[in-house]
Amino acid sequence: MPVITVDYKDLINLLGKHIDMSILLDRLPMIGVSIERVENEEISIEVFPNRPDMLSVEGVARALRNFLGIEEGLKIYPISPPKISLYVKDNIEKIRPYIGSAVIKNVKMTHETIKSLMDCQEKLHFSIGKDRKKMAIGVHDFDKVEPPFYYKAVEPKEIKFVPLGKEEEMNLIEILNKHEKGIAYRHLLEKYTEYPIILDKNGNVLSFPPIINGELTAVNQYTKNIFIEVTGIDKNAVLSALVIISSFLAERGGQIEQVEIIGKEKLITPDFSPKITEVETDYIKKLLKINNTEEIVKSLKRMGHNVELFNDKLKVYSPAWRIDILHPIDIVEDVAIGYGYEKFEEMLPISMTFGSSFSFQKLHETMIGLGFYEVITLSLSNPDKEFKKFEMEGNPVEIKNPISTEHSIVRQSLLPSLLEILNKNRHNELPQQIYEIGNIVYFDGGKAKQKIMIGGVKIDAKTGFTECKSIVEAILRNFGLQLNVKECKHKAFIEGRCAAIIVDKNEIGYFGELKPSVICNFELEYPVIAFEIDVNKLFSFSQQKQSNQQEQ
Amino acid sequence: MEALSPLEKKLLIELQKNDGKIKPEKIDMELVKVMNAAAWLQSKGLVKTSENIIKEYEITEEGEKFLKEGLPEKRILKDVEKIEIETLEKKFGKKDVSISIGWALRKGWCRIEKNEKNYLIITEKGKEEIKKKQPEEEALEKIAKKDFNIDEKIIKVLKRREAIKEKEKVERIIYLTDKGWEIVKKGIKIEEEISQLTPEIIRSGKWKKVKFRKYDIKAFAPSIYPGKLHPLTQLIEKIRRIFSEMGFKEIRGSYVESCFWNMDALFIPQDHPARDMQDTFYCKKPDKIDIDDELIEKIARVHENGGMTGSIGWRYKFNKEEAKKALLRTHTTVNTIRYLANNPVPPAKVFSIERVFRRENIDSTHLPEFHQIEGIVYEKDANFCMLKGILKEFYTRMGFKKIRFRPSYFPYTEPSLEIEVEWQGKWIELGGAGIFRPEVTIPFGIKEPVLAWGLGLERMAMILLGLNDIRMLYFSDLKWLRELPLLI
């Protein structure tokens, strides 16, 4: 999740009121952000992905002013109607069809403003833009170019300009192949033969979206008026990002002037008109147990909304930058946050239900009684451990994007993991007897199926098939079952020393003495016995037996 | 005075007899027992032991031959006046003869005359000496009897002749201390004291007559270790008990799931970062899982425009093929939504404690596989206060005294919250919770609010066990498990 760094003094300055650091650190989490850390005067804040409007110090300050009662209700920025136009050519439609744009006049480009602008641009690129795919933002010095502007697709070699941070002119192909941003983002254009470009009246290049701006319109501390363009393939993302970034600059004292976008349809951007959600008061009251409507209204104002009351409904006017409001339930949450999570009383459910659980307590008791230690191992494994070292074959669930070769499949048996634990405990005293109750996954008719197994191993200077048989017999006896065996051919066991466990003609597991080669593969030096039993079968046969007894 | 064992008493008496100083092997008792008794007496301050390294000798094969056959120079000179050396060599072998002549010459027993051939002539001294027992032979006889009181010169000769080997040995001596003398002077009585109670003593009634030796109850006893549940299981069992006592029913699900149930049904947009190849394990085999087309269609509409849920939806084009992709479940919320889809009639309180998978590199705080404690309350008019209440109840039952809640975000809950507990003066985040969004519940005919949570198990285990490395939980060191107390 994105983390932004906020300078305490800058934040106080934007709040317009002194608030102690300790109070800030206490209140910030209650609006719905996390404090990552605080170093000197720098506060690192983690912003949840639903609130990109807080991805900069300006946005945090705006939310805090409401939350701390410095300002009330919907923030309205003065907006001037469009004086300039941007023309969208049809040929861009199949490449990057959407564009929104704004002019911000009289911005004081302090060090803080520039830093915050660059930072939040990057954060927005990631969060809303999905790394510039859905939308990308360009910020320009408005006074270096002359409107109207043109957004269109061009032949890559048709246009040459000096990209940001460079000194010589490059054509679009050269930028994609040589410029670091070109190399990083060229995959976004690889499907196309023509590329998007934004030009001014005189053919000067402002931007080659979503790759790089021109050096010509680079913003610095002398910039007074800013031109913002946001392009993308998702109209929503484009227009939301434009509103958010424009509002940040307005927080810094800039005056927003809209731009007329002229393409197939006419559009005036940015659109700051509030979003209206109608919510039934009862819906909020029932979910939150707040009975006082006035309290609800106050809470919403503390979250930056304006509210109109009529009959049993609230008409909520939310700021345009609140892109997270999809449903009245999102208004409910803002009531809860505005009210304060800490203030809700705690209640308990009322319904009557019966509890039950899948405890394997009886099986655990049996194993502990036999002196075994329970271990827990990962179910992610690899063919080397499961098949090569264990000398078995298998058909496991395979992971498409494993993070390491060590964890590329899901195990089909617990025994290799247990042998690995023995390997890790070579330095510890013998005998060692360990078990695990866990899931394994296998294929049945092309479908991945899961079952719960108990696996156990024992290593000692003197142990063998007979001891293993005693152990398995003891387990079955505790569950009221009698052990029957059948010869079993399992490649990890010495031939003639492995048996299938049969209960009522059903095979429920196997046990025996491991092959020396398998023992050596796990770098062990003593005899090892092992068993694995299907826990659900063990339990169901045991229950069956008991209920049969009841009937007799 | 602390109790003395019969062996200790016997050793003290022996010491008294020998003026308070004795070599342990001189006592008519098993050496191990003597040394044991000495160690106990030493710990009580009654005796001291000293250790010296002394030299001992062992007769070699060559030495044994000397003992049996006499010195070789004696043998070759026997019944000889003057003899050709060649003749001797034929009889005794060249090597033996040359060594023997060497020694005989040195001792002045013979001389050599060189004409055309070399002759050996025995001297008068030689004639006398070969009849007597030589000092080397005497010394060897003494060594054979473990008597090492022998002239250094002879030892040197024997070593040179490779008849003996030198060995170092630790010689122990046990001394009575002043405190020990005090005790023995008071007189030590050896009564028949019983140490080990035997069936024979019980059956015969002998126990009525004998005295049972008092044991030193502070003495060391060997460690034994019972079999044990893994601490994580102990914790899981405790949580199971708490939830089932509160009326919750446990449910289970599968590791391999579809994107549909794991993500789409929970209103997680298809471009959500958690769905990246970076964060989620997708399966190569099986790569797809069949989902009912009608169901996909219904959920697609919710994502695209909210469907019948009253939401505006995520407003993007839903990819139905994406929904069928197989993955390893990233949360157990998939168990919950599947349960609710099959049981849409309230009330329901269910929970699960199962493994989930995330594409994380292994380090001290991350594993690609860990447990989630999942649960829901689904009932008429369920509300936010109940969510706080039930979570507080759970963590209180787990033993945490201070619990707090703050706003959070999950795509499938609204309002959402994060739970923190205070542990050793710090607030530690243990899980997330919220009320399922209408976009999640309405498509499945779920009509009442669902309070849901997904809590971390390993993190709680780590703080309760005082671990700072999560790997300890999954790479069980048996020594650690043996020593670890049970979770009470």
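Checking each residue in region A:247-290 for being farther than 18 Å from A:Ser101 by Cα, open to solvent by 80 Å² or more (accessible area, probe 1.4 Å) and not in a strand (DSSP E or B) picks out A:Asp282, A:Lys286, A:Lys289.
Evaluating A:Asn311 against the criteria (1) more than 10 Å from chain B (Cβ to nearest Cβ); (2) open to solvent by 10 Å² or more (accessible area, probe 1.4 Å); (3) under 30 Å from B:Phe405 (Cβ atoms); (4) of a type in the set (S, T, N, Q) leaves one unmet condition, (3). Taken together, the residues in region B:441-488 that are in contact (Cβ under 8 Å) with a residue 12 or more places away in the chain, away from chain A (no Cβ under 11 Å) and among the β-branched types (Val, Ile, Thr) amount to 4. Residues satisfying the criterion are present in region A:123-134 (criterion: in the same structural domain as A:Ile244 (by TED's automatic domain parsing), free of Cβ contacts under 8 Å to residues at least 40 places away in the same chain and not in a loop (DSSP other than H, G, I, E, B)). With respect to the conditions (1) open to solvent by 40 Å² or more (accessible area, probe 1.4 Å); (2) in contact with a helix residue (DSSP H, G or I) (Cβ under 9 Å, 6 or more places away or on another chain); (3) part of a loop (DSSP other than H, G, I, E, B), A:Glu112 lacks only one, and its number is (3).
Scanning region B:154-170 for residues that are surrounded by 10 or more Cβ atoms within 10 Å (Cβ to Cβ) and without any contact (Cβ under 8 Å) to a residue 40 or more places away in the chain returns B:Ile154, B:Lys156, B:Val157, B:Lys159.
Inside region B:6-33, residues that are in contact with a strand residue (DSSP E or B) (Cβ under 8 Å, 6 or more places away or on another chain), surrounded by 15 or more Cβ atoms within 10 Å (Cβ to Cβ) and closer than 16 Å to B:Gly180 by Cα make up a count of 8.
Only one residue in A:Lys362, A:Lys400, A:Lys385 is over 30 Å from A:Arg302 (Cα atoms), free of Cβ contacts under 8 Å to residues at least 60 places away in the same chain, basic (Lys, Arg) and more than 7 Å from every other protein chain (Cβ to nearest Cβ), so which one is that? Write out each step before concluding.
Numbers: A:Lys362 fails: free of Cβ contacts under 8 Å to residues at least 60 places away in the same chain; A:Lys400 fails: more than 7 Å from every other protein chain (Cβ to nearest Cβ).
Only one candidate passes the filter, namely A:Lys385.
Of the residues A:Leu326, A:Leu300, A:Leu348, A:Leu370, only one is more than 8 Å from chain B (Cβ to nearest Cβ) and either within 23 Å of B:Glu379 (Cβ to Cβ) or out of contact with any Leu (no Cβ under 6 Å at 6 or more places or on another chain) (or both); which? Going through A:Leu326, A:Leu300, A:Leu348, A:Leu370 in turn, just one is more than 8 Å from chain B (Cβ to nearest Cβ) and either within 23 Å of B:Glu379 (Cβ to Cβ) or out of contact with any Leu (no Cβ under 6 Å at 6 or more places or on another chain) (or both): A:Leu300. Filtering region B:391-411 to residues that are open to solvent by 10 Å² or more (accessible area, probe 1.4 Å) and within 11 Å of chain A (Cβ to nearest Cβ) leaves B:Lys392, B:Glu393, B:Thr396, B:Ile403, B:Arg404, B:Phe405, B:Arg406, B:Tyr409, B:Phe410, B:Pro411.
Of all residue pairs spaced 6 or more apart or on separate chains, those with beta-carbon atoms under 9 Å, a first member in region B:104-119 that is hydroxyl-bearing (Ser, Thr, Tyr) and a second member that is open to solvent by less than 60 Å² (accessible area, probe 1.4 Å) are B:Tyr119/B:Ile83; B:Tyr119/B:Glu84; B:Tyr119/B:Ile85; B:Tyr119/B:Glu113. Among the residues making up region A:17-51, those that are in contact with a Gly (Cβ under 8 Å, 6 or more places away or on another chain) and either touching a residue at least 60 places away in the same chain (Cβ under 8 Å) or more than 20 Å from A:Ala336 (Cβ to Cβ) (or both) are A:Met30, A:Arg51.
The set of residues from region A:460-483 being in a helix (DSSP H, G or I) and polar (S, T, N, Q) comprises A:Thr466, A:Ser470, A:Asn478. Of the residues examined, A:Glu393 is not one that is open to solvent by 50 Å² or more (accessible area, probe 1.4 Å), facing another protein chain (nearest Cβ under 9 Å) and farther than 19 Å from A:Ile437 by Cα. Test B:Ile242 against the criterion of being at pLDDT below 95 and either touching a Cys at 6+ places or on another chain (Cβ under 7 Å) or β-branched (Val, Ile, Thr) (or both), and give yes or no. Taking the combined requirement at face value, the residue does not satisfy it. Residues in region A:50-93 that are within 14 Å of chain B (Cβ to nearest Cβ) and open to solvent by 10 Å² or more (accessible area, probe 1.4 Å) were compared, and the one that is modelled with the lowest pLDDT is A:Asn50.
The values are calculated or read from the model by the stated rules, or taken from the named source; none is laboratory data. A quick note: this is a predicted structure, and the numbers were derived from the prediction, not measured. Cβ: placed from backbone, ideal geometry, glycine included. Neighbour counts: every protein chain shown. The area values use the complete protein model at the heavy-atom level, side chains included, leaving out ligands, DNA and RNA. Shrake-Rupley method; radii C 1.70, N 1.55, O 1.52, S 1.80 Å.
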